[in-house]
Amino acid sequence: DTAVSQTPKYLVTQMGNDKSIKCEQNLGHDTMYWYKQDSKKFLKIMFSYNNKELIINETVPNRFSPKSPDKAHLNLHINSLELGDSAVYFCASSSRLPGQWRDIQYFGAGTRLSVL
Amino acid sequence: DQQVKQNSPSLSVQEGRISILNCDYTNSMFDYFLWYKKYPAEGPTFLISISSIKDKNEDGRFTVFLNKSAKHLSLHIVPSQPGDSAVYFCAACFGYGQNFVFGPGTRLSVLP
């Protein structure tokens, strides 16, 4: 009954390949995100979707594209993979808890992508 | 351009003592701050937050202090327990957007 699940946990692939990472949340949240944790361990937001509308799109290469078939899913497609894409990618969803001013994010366990 | 900094990559504390994790930020527009805890092979989980209209927020053993003039916040854990051993991320945002900026994390080890 994992709240935010992403697959696969590990992904090893060659440069130039196209790959996808799937994310599903069963919390009924309206907003979902993709984060990239780089080699310096910073978590940087890549995309967020609210009710299937893209509301944040940071300066990521257009080789990365989020796809949301429904409110519970936000998949990440990556074309023409490069060495610099190697990182841990986290999916998250959010809602506002009572007494909180902002949404609180619930994260998946991460997908470690290694591009060889 | 690191808007949120956690200058201590790691911290070791004896069980039962206080753990103090620090976070500094550069963007004076930030008005909401959160701490997340992360265990290995898991995603970050929300711990505690504070808005800029407060200087302290407490939840059980966890207290967050905010010093706006110094652009500094800290997380205090009292008493520290071995189960608190994890990586702690500080995050900040402003406005009603969902653009949270995270620090690089501090690895806390609580020694029995």
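Just so you know, all these numbers are worked out from the coordinates, no wet-lab data involved. Fair warning: this is a prediction, and the values are worked out from it, not measured in the lab. With ideal geometry, Cβ positions are generated from the backbone for all residues, glycine too; neighbour counts draw on all protein chains shown.
Reducing the range A:38-116 and the range A:17-37 to their Cα centroids gives an inter-centroid distance of 6 Å. Counting only residues at least eight positions apart within a chain, or on another chain, the lysines with an alpha carbon under 24 Å from that of A:LYS9 are A:LYS19, A:LYS22, A:LYS36, A:LYS40, A:LYS41, A:LYS44, A:LYS67, A:LYS71, B:LYS37, B:LYS38.
From largest to smallest, the equivalent ellipsoid semi-axes obtained for chain A from the alpha-carbon gyration tensor read 24, 14, 14 Å.
Quantify how strongly other chains surround peptide B:31-39 by giving the mean number of their Cβ atoms within 10 Å of each of its Cβ atoms.
For peptide B:31-39, the averaged partner shielding equals 2.
Isolated cysteines of chain B, defined as having no other cysteine beta carbon under 4.7 Å away, are B:CYS93.
Average partner chain C-beta neighbours within 10 Å, per residue of B:53-60?
Average neighbour count from other chains, rounded to a whole number: 0.
Can you give me the Kirkwood hydrodynamic radius for the protein assembly as shown, using every pair of distinct Cα atoms, in Å to one decimal? Please report the intermediate quantities before stating the final value.
Working: mean 1/r = 0.0551 Å⁻¹.
That comes to 18.2 Å for the protein assembly as shown.
Listed peptides A:8-15, B:44-51 appear in the order B:44-51, A:8-15 once ranked by packing, highest mean of other Cβ atoms within 10 Å at the front. Between A:MET15 and A:GLU53, full extension at 0.36 nm per residue minus the direct alpha carbon distance yields a gain of 10.6 nm. Each peptide among B:83-90, B:13-20, A:19-26 gets the average number of other Cβ atoms lying within 10 Å of its residues, and from highest to lowest they stand as B:83-90, A:19-26, B:13-20.
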